[in-house]
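As structure tokens, the structure follows; a few thoughts come after it.
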Amino acid sequence: MTTTPTRSFTLTEQELALLPDDDDVAFYAEHGWYLSKKLFTDQEVDRLVAASEDYYAGERSRTLPVRPPRLAAWQPSDGPVQRHNDYVHYESDPLAGLLRKPLIGAVAARLAGAAEIRVFQSTLILKPAVSGEPSNIVPWHFDKHYWSTCTSERMLTAFIPFHDCDEEMGTLTVVDGSHLWKETGRDDSMTKHFAERDKADLERVLAENAAYNGTEIRKVPLVIPKGHMSFHHCLTYHGSGPNRSPRPRRAVSFHLQDGGNEYRRFELSDGGVAAYNHDVLVRRLPDGRPDYADPAFCPVLWSADGSADHG
């Protein structure tokens, strides 16, 4: 991927007014999620739709140099299931040009209390308007389970729908305050993606963790107008229901890391080592670890000092 060694990060007066205020930051710290103001114009969202259609039609600015072991990569032959496509910020310049809007990173930085925000992953999602499609149900999980190789617990995800998104469309639903829970009963299977897990077992895990923390499960469906987005903490339980509307639900799940995040070795009980897809793609640090600041795959989205140079 072509990168610019030094990139400037500035916001207009209008964009500064769209940042979370102190009350918003306090809400995020308490509840583990936040609904943004309108960060994309209608025209920008329409460009996201057009770019995603081009992507589904096979248009690529570049392709991954190797195929990671757990890559989500829907293709037409997979049929009318829920579509997940990873690394769209790498493979599609039209999508990347919109997703890398500094304002998104600045909002994430305020919520996470970070001076720098980098892209960690981006997944293009289409939930088809197919009644009863099993893949449309996303079971309860939190993202940090899949990021066991990351040192940070300040990582967060922006959920960016390409239209008004409500409960009928199977919007993202969060478990309020669950990022503050202490976890019980974790085993190695929790590092597996939810698509590889039994939905009923994940329901059990959620219930057991709520009971362990002596709290009720408060599920909040996030109603997100066009151009707005939600942010949730990497430890916040979330999922989504079926799309009962007459049109597909389109979105990007935009995973973000703070500037301090690094790779760490995470050993499994069988003696193996957990891995993330980045580990076969990114450059190596002098000590041999994968570099989660590799600008080709994890570009800087926002830097409080106004510039970034990780080339």
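Quick rundown of the values:
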| read-out | value |
| --- | --- |
| Sole exception among (1) in a loop (DSSP other than H, G, I, E, B); (2) out of contact with any helix residue (DSSP H, G or I) (no Cβ under 6 Å at 6 or more places or on another chain); (3) over 19 Å from Ile125 (Cα atoms); (4) not basic (Lys, Arg) for Phe27, by number | (1) |
| Members of the stretch 113-124 found to be closer than 15 Å to Val300 by Cα and buried (at least 19 other Cβ atoms within 10 Å of the Cβ), listed by number | Ala114, Glu116, Ile117, Arg118, Val119, Phe120, Gln121, Ser122 |
| Condition check for Glu167: at pLDDT 95 or above and either more than 16 Å from the chain's Cα centre (by Cα) or of a type in the set (Ser, Thr, Tyr) (or both) | yes |
| Residues located in the stretch 214-272, provided they are at pLDDT 95 or above, part of a strand (DSSP E or B) and farther than 26 Å from Asn85 by Cβ | Lys219, Val220 |
| Any chance Arg62 is in contact (Cβ under 8 Å) with a residue 40 or more places away in the chain and surrounded by 15 or more Cβ atoms within 10 Å (Cβ to Cβ) | no |
| Hits in the stretch 61-92 - residues which are part of a loop (DSSP other than H, G, I, E, B), touching a helix residue (DSSP H, G or I) at 6+ places or on another chain (Cβ under 7 Å) and under 25 Å from Val130 (Cα atoms) | Leu71, Val81, Gln82 |
| Flag if Arg67 is surrounded by 15 or more Cβ atoms within 10 Å (Cβ to Cβ) and modelled with pLDDT of 95 or more | no |
| Identity of the residue in the stretch 279-307, part of a strand (DSSP E or B) and modelled with pLDDT of 95 or more, that ends up surrounded by the fewest Cβ atoms within 10 Å (Cβ to Cβ) | Arg284 |
| Qualifying residue in the stretch 131-152 (condition: among the acidic types (Asp, Glu), modelled with pLDDT of 95 or more and surrounded by fewer than 21 Cβ atoms within 10 Å (Cβ to Cβ)) | no |
| Evaluation of Leu95 against (1) assigned to a helix (DSSP H, G or I); (2) in contact with a helix residue (DSSP H, G or I) (Cβ under 9 Å, 6 or more places away or on another chain); (3) more than 20 Å from Ala73 (Cβ to Cβ) (one fails), failing number | (3) |
| Members of the stretch 107-119 found to be of a type in the set (A, V, I, L, M, F, W, C) and either modelled with pLDDT under 95 or over 14 Å from Phe40 (Cβ atoms) (or both), listed by number | Ala108, Ala109, Leu111, Ala112, Ala114, Ala115, Ile117, Val119 |
| Yes/no for Gly241 being farther than 17 Å from Thr173 by Cβ and either over 14 Å from the mean Cα position of the chain (by Cα) or not basic (Lys, Arg) (or both) | no |
| Selected residue [more than 30 Å from Asp176 (Cα to Cα) and in contact with a helix residue (DSSP H, G or I) (Cβ under 6 Å, 6 or more places away or on another chain)] from Pro290, Pro242, Pro295 | Pro290 |
| Verdict on Thr2 being surrounded by fewer than 16 Cβ atoms within 10 Å (Cβ to Cβ), at pLDDT below 95 and either farther than 18 Å from Thr157 by Cβ or not charged (D, E, K, R) (or both) | yes |
| Per-region count, the stretch 37-74, residues within 13 Å of Pro161 (Cα to Cα) and acidic (Asp, Glu) | 3 |
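The rows are residues; the columns are (1) surrounded by fewer than 21 Cβ atoms within 10 Å (Cβ to Cβ); (2) touching a helix residue (DSSP H, G or I) at 6+ places or on another chain (Cβ under 6 Å); (3) touching a residue at least 12 places away in the same chain (Cβ under 8 Å).
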| residue | (1), (2), (3) |
| --- | --- |
| Val223 | yes, no, yes |
| Lys226 | yes, yes, yes |
| Phe231 | no, yes, yes |
| Val252 | no, no, yes |
| Glu262 | yes, no, yes |
| Phe266 | yes, no, yes |
| Ala274 | yes, yes, yes |
| Asn277 | yes, no, yes |
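The values are calculated or read from the model by the stated rules, or taken from the named source; none is laboratory data. All of these numbers come straight from a predicted model, not from anything done at the bench. Quick reminder, even Gly has a Cβ in these numbers, built from the backbone with ideal geometry, and neighbours come from all protein chains shown.
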